[in-house]
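Working notes for the structure below.
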């Protein structure tokens, strides 16, 4: 949008939409500090430890980015789906199926080396996409609400993974798969695996696809008004299905990257747990902007690594970090809704006008 | 096949026990969706109900007080949902997701404090199950249906009450109208916002009661993640229960049956890949939605925010 | 007759726009008082204030001489004021009886008193001749019966003042006569009726006095007996009301689209099509007259490829049978479409004006390189600025969201997009619904310009005057069937309006 | 001309995006200055540089667990054995236990303690064995004073891909002995000749325990049948209730032994409902016999010999991937007290068998492996 002379209230809208998530984060941190203080611990020292633990030095930063990597993938998965008006809550299931596909291809096919890596990632993308296609077809043909079907598929994926690491490729009967062969793993990059870079690049690519291609334009149009999109000739059903498949593929790729990039390089109990819902929260706070989603995912990664550090330094239960995350989301949701309310908007505009009239009087 | 017949009575017992939490949560959701509010956050409200019910029950020794306070806590959390969706007109799915992340975290945090202060708080006691004298010893079925806790019986008694409320009560009619066409309800002098908030209160109380049943009657302890996806299954139950109390009862029992079947199969066929048995309840939900789900779309204005002074 | 209602100095402001400004209205008992005014003159806002949906910025309301403060619809019902809305306020999933007694507080007990209420309703039915099937679901009722349920809702609550908002817009002539009989029996019993309409013939037939509203202000109140249709029309428009009809075309060009015995869900009385045969010629406006709900939207969807016919054929310009019915293939074949509902079908509200203007062409190499791989944002913006000047779309910037535009400007955006690609066939469905006079004029001129440029235009509108004004040929749809086709030059109005009523 | 216009737009839109990024970073820095200076207490005790041979006057120990210290099972047993070890090791000071550690954060949690040069980091369970590979390598290199103790892990089988095992030791309780103890009690107490076991997860430890448990019971009465489940997990108590009900009603099991923390509570709930004086439960791994547990007749208690690890650290002989065995001889495995439901004659017989099990003459290995192979 060249020569973007934003009108007054558009500029106000833009600053508000950036301000809301930032204020929500600060407000949540303040309440978190109050809770920590009530427990008799020093919140400042706690937050200092949190920052030290997540951004203190090069190895900490790489660990934080490594912890944020899966969140970037599930965040982008939810963002892409929501952009097309599709509530894909199955990010976790698609993530897990991606990991399982990679494990099956590499361990089952016995493929080593870069070929194994490439096929593994490809398998993750394909199977992740297929796992999201199922709710997509149900939505298109039977009009089924995809929120519930995707969540049920999460549990089915979880138990299928259990079958993979207990029955198919278990490591001498232990409840975990054999480790991925070293040659098929993702290369190291500055203390963490190259998957992190892949995630960030993917964020930019998804932003580009959504905002700078005709396909992305159509996806956005279907998301905002499917009826008008159909009347104006867009293949709405095909686009919705594609939105499902692409968002599933992104999550599937995330699963593969997590398996091939991070210790312990195995599928085990708890692989991918919690990443799905976090991804949904990240998409919401980032207001469906892919690059903002990457930033928010890194923030969530910071909360995790920092929170773990904070707990070991000042001994507060990790549940505090979950509460802070929960509060961030609630404040972001309420804040975003509030700035859209006509009353609040009117209040802001005439406050601005009264300021102008004072200035000119 | 005889093994199956032999374990059928226990499957029925698990069916009835397993159905109660889902039934309570979905009855709450029926109220909520009838007033046009799709509450994804049932899972979180159930977790709060489970913890507060357990903690107060343990602290005061009076389990019924625990249940009541648990329901109040559920109402408080659901009013937060109500404030965001009704007053601020925020997106209902988004707010529901936020509740699902925040509420269990609060419950876990509270649990850490509660049990941290005194380790003996870890296990609470249970409501005794009351066998209805005559009926309990009907062979095969008696033990399952007529040897439940009082709270279990109350949950099932609630179903005809809710049915009666929507069918024959003036306020029941107003409730339905808010979900179908809020503008029409407004013009007839029905306070749409008040009805929606009342729906939040009822949904919060019932969902929390569903959660509290888990820690007061089903198992003697609270663990993080005790709800195990029952909140989402309750959402599915409301859809293929056709937004009616009786429909939801049937759907909850059906789901409870498949849960019981899953356990029975794991108990008898120990060497088999039991993971596929664990999938049964969730796979069943999808299949049921496939066959019953789509046609009846439910209340027309379900899930849409209501702006009072629309120009 | 004693005075029932007086509204003095009422005004209502939405942001900086005055929907009503210093309006006064006086209604006597047993009187049919018409509120006459163009779309957007402030009639509905005034009535919503009267029934408590909106609160007035200034002004007072008096019932039988005492001042009353109507803070909510509930208070209005208590004061005996009831409104029958243009878009019915009914619950589709409930029966007629349930809709009538919904929200009623006469019984002390919380339980529904269905038997007792049914008796009361049946009494009122006899007294005023309102034939309603109380146990049928509203969604299965005919439009006429739905309106009678609305009227019963108001009467059941003992209203003395009934407000009927554009009641005849959805009725056939036969049903209109039935409604007038009901209204006469109500006024005979001393009830008062505020009748809102902009159809001169009906206003003259039924009302005792008329108050004219223009741009939110009450201009004048006169007795129907001592005024004429022409005078009322002038008051309503504010300047000489001249019927500037366009030059009619008599010799049309080659056929652009032909429908032969096309049927679609013929069994559905209120939405299907039965053996429709039509030919759209280049350089001609074919107007389809008829009341809403007689198959118009089915015809519109057929012509735009949204639905395919159950039987019969559709032929393109070269006589070839069209097999694929999809919006995209019709658009490629040169279809321009001004849809029935601007917000739902025409625009993507959340997207900017610029994006809406290029909605169909993002893949063309004018606006992207590598057909769709890389959007040329600059080109899109320049195109939008150019369109903005050409079509006088008033907006602060082309990056403003389409939903933030006024109705008229939204329609201009759609028009600019559809006409820029010089369509061979233009479909316009109720194109000037809810627009002010200026916007209506602009759109009518554009349509005629397209016709003169050789485009085949199909105009579907429930506004009979608009059809008369624009059409070179008029055809009438009633319950999905073509009743007849007439020339547009000086059309036999009597015959057409009878055809519209199904004769 | 059109070309660079595109570029300027690119710049324009990127500026918006950077704005967002800056806002995110601003949030972090704001939180940072809110967080005051960040020289927090993590640098304390950096005097560990000296070789660990020379004894220090104070040591720090930290425990990392996936559950919580009051789960009535696995993590509570570890916590209590740590408390016992601390009682007779005055020089040691315990940091707050790291509870509810998600698998994704297991490595970070350990790293946090390595940075504070904590002398002994205990990981409850073999899942930490696979997560800590890098943390151990880092500690061995630049934090020589740090030692790792991982329980229930066989170093050769499960830590094969570690670069170095110098700072690591594991604890391997004698699962057969624990199983035999429980099997003896079950064999004597069962009336219906049908006993059950819930293992939480299919691990070498749980397989060995169940096999010894059934073998010992069948030694006492060959007609005893055994039911088992290794898929219950450690948190779903309602599953425990349902599964126990199935076994009680369908396979008339009347004695249960569990190794699944929260799930065992559910089992006890079902046993109590079926009649507390005809259905019995053997608890594990802590002694919870008491009047608030009517169905528990005794408990097989495990101690993870943390005291021995502390002694080795003090004497500098810790490390090298050794596996401390916890068995009846060094007090690692004991039988808890009996509840009043166990008649005196049964208690005497049990004590007799306990001596034989301790001496290793009660069960032969092939009797146990005969059952284990069928699982």
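Conditions (1) within 14 Å of chain B (Cβ to nearest Cβ); (2) buried (at least 24 other Cβ atoms within 10 Å of the Cβ); (3) not in a loop (DSSP other than H, G, I, E, B), marked per residue:
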site: A:119; (1), (2), (3): no, no, yes
site: A:126; (1), (2), (3): no, no, yes
site: A:150; (1), (2), (3): yes, yes, yes
site: A:160; (1), (2), (3): yes, no, yes
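Taken over segment C:115-142, the criterion of being assigned to a helix (DSSP H, G or I) and under 20 Å from residue C:174 (Cβ atoms) is satisfied by C:125, C:128. Each residue in segment B:112-171 was checked for being under 23 Å from the mean Cα position of the chain (by Cα) and part of a helix (DSSP H, G or I), and 22 pass.
Kindly indicate whether residue C:127 is touching a helix residue (DSSP H, G or I) at 6+ places or on another chain (Cβ under 6 Å) and at negative phi. No; evaluated as a whole, the condition is false for this residue. Which residues, counting only those in segment B:211-238, are farther than 25 Å from residue D:69 by Cα and more than 13 Å from chain D (Cβ to nearest Cβ)? The answer is B:231, B:232, B:233, B:234, B:235, B:236, B:237, B:238. From the list C:101, C:81, the lone residue that is touching a helix residue (DSSP H, G or I) at 6+ places or on another chain (Cβ under 7 Å), free of Cβ contacts under 8 Å to residues at least 60 places away in the same chain and buried (at least 21 other Cβ atoms within 10 Å of the Cβ) is C:101. What number of residues in segment B:157-182 are facing another protein chain (nearest Cβ under 8 Å) and in contact (Cβ under 8 Å) with a residue 12 or more places away in the chain? Qualifying residue count, segment B:157-182: 5.
What do you reckon, is residue D:263 touching a residue at least 40 places away in the same chain (Cβ under 8 Å), surrounded by fewer than 24 Cβ atoms within 10 Å (Cβ to Cβ) and either out of contact with any strand residue (DSSP E or B) (no Cβ under 7 Å at 6 or more places or on another chain) or not in a loop (DSSP other than H, G, I, E, B) (or both)? Taking the combined requirement at face value, the residue does not satisfy it. If you check residue A:89 against the conditions, is it part of a loop (DSSP other than H, G, I, E, B), at pLDDT below 90 and within 14 Å of chain B (Cβ to nearest Cβ)? When the stated conditions are applied, residue A:89 does not pass them. Residues considered: A:330, A:320, A:324. Of these, the only one that is more than 7 Å from every other protein chain (Cβ to nearest Cβ) and either in a helix (DSSP H, G or I) or closer than 18 Å to residue A:283 by Cα (or both) is A:324. For segment D:338-368, filtering for residues that are closer than 27 Å to residue D:230 by Cα and exposed (fewer than 14 other Cβ atoms within 10 Å of the Cβ) leaves 3. The sole residue among B:5, B:65 that is closer than 30 Å to residue D:250 by Cα and without any contact (Cβ under 8 Å) to a residue 40 or more places away in the chain is B:5.
Highlighted here are the helices (runs of 4 or more DSSP H) found entirely within segment C:263-366 that include at least 1 residues which are within 22 Å of the chain's Cα centre (by Cα) and surrounded by 22 or more Cβ atoms within 10 Å (Cβ to Cβ): C:296-303. Selection of segment B:241-265 for residues being surrounded by fewer than 24 Cβ atoms within 10 Å (Cβ to Cβ) and either within 14 Å of the chain's Cα centre (by Cα) or more than 14 Å from chain D (Cβ to nearest Cβ) (or both) yields B:242, B:243, B:244, B:245, B:246, B:247, B:249, B:250, B:253, B:254. Taken together, the criteria exclude residue A:216 from residues that are more than 8 Å from every other protein chain (Cβ to nearest Cβ), under 28 Å from residue A:114 (Cα atoms) and touching a helix residue (DSSP H, G or I) at 6+ places or on another chain (Cβ under 8 Å). Counting the residues of segment B:100-120 that are more than 9 Å from chain A (Cβ to nearest Cβ) and surrounded by 18 or more Cβ atoms within 10 Å (Cβ to Cβ) gives 2. Could you tell me whether residue C:11 is part of a strand (DSSP E or B) and closer than 24 Å to residue C:191 by Cβ? Answer is no for this residue. Does residue A:241 satisfy being within 24 Å of the chain's Cα centre (by Cα), outside any helix (DSSP H, G or I), more than 14 Å from chain C (Cβ to nearest Cβ) and in contact (Cβ under 8 Å) with a residue 40 or more places away in the chain? No: the conditions fail for residue A:241. Applying the criterion of at least 3 residues that are touching a strand residue (DSSP E or B) at 6+ places or on another chain (Cβ under 8 Å) to the helices (runs of 4 or more DSSP H) found wholly in segment C:42-114 leaves C:43-50.
Cβ-Cβ distances below 9 Å connect the following pairs, each with a first residue in segment D:139-168 that is within 14 Å of another protein chain (Cβ to nearest Cβ), a second residue that is surrounded by fewer than 16 Cβ atoms within 10 Å (Cβ to Cβ) and part of a loop (DSSP other than H, G, I, E, B), and a separation of six or more residues or different chains: D:141/D:164; D:155/D:321; D:156/D:321; D:157/A:172; D:158/A:172; D:159/D:321; D:162/D:321. Taking segment A:103-117 as the range and being in contact (Cβ under 8 Å) with a residue 40 or more places away in the chain and assigned to a loop (DSSP other than H, G, I, E, B) as the test, the residues that pass are A:111, A:112.
Being in contact with a helix residue (DSSP H, G or I) (Cβ under 8 Å, 6 or more places away or on another chain) and at pLDDT 90 or above holds for only one residue in C:493, C:460, and it is C:460. Checked against (1) at pLDDT 90 or above; (2) within 14 Å of chain A (Cβ to nearest Cβ); (3) closer than 18 Å to residue D:304 by Cα, residue D:176 passes all but condition (2). Of the residues that make up segment A:189-206, is at least one within 14 Å of chain C (Cβ to nearest Cβ) and either within 25 Å of the chain's Cα centre (by Cα) or not in a helix (DSSP H, G or I) (or both)? The answer is yes, given that some residue of segment A:189-206 is within 14 Å of chain C (Cβ to nearest Cβ) and either within 25 Å of the chain's Cα centre (by Cα) or not in a helix (DSSP H, G or I) (or both). Candidates in segment C:57-76 are the residues that are surrounded by 21 or more Cβ atoms within 10 Å (Cβ to Cβ) and modelled with pLDDT of 85 or more; of these, the one that is farthest from the other protein chains (Cβ to nearest Cβ) is C:61.
Summed over segment A:199-227, residues that are free of Cβ contacts under 8 Å to residues at least 60 places away in the same chain and surrounded by fewer than 21 Cβ atoms within 10 Å (Cβ to Cβ) total 10.
The values are calculated or read from the model by the stated rules, or taken from the named source; none is laboratory data. As the structure is a prediction and not an experimental result, all values here were calculated from the model. Because the Cβ atoms are built from the backbone with ideal geometry, glycine has one as well, and the counts that use them run over all protein chains shown.
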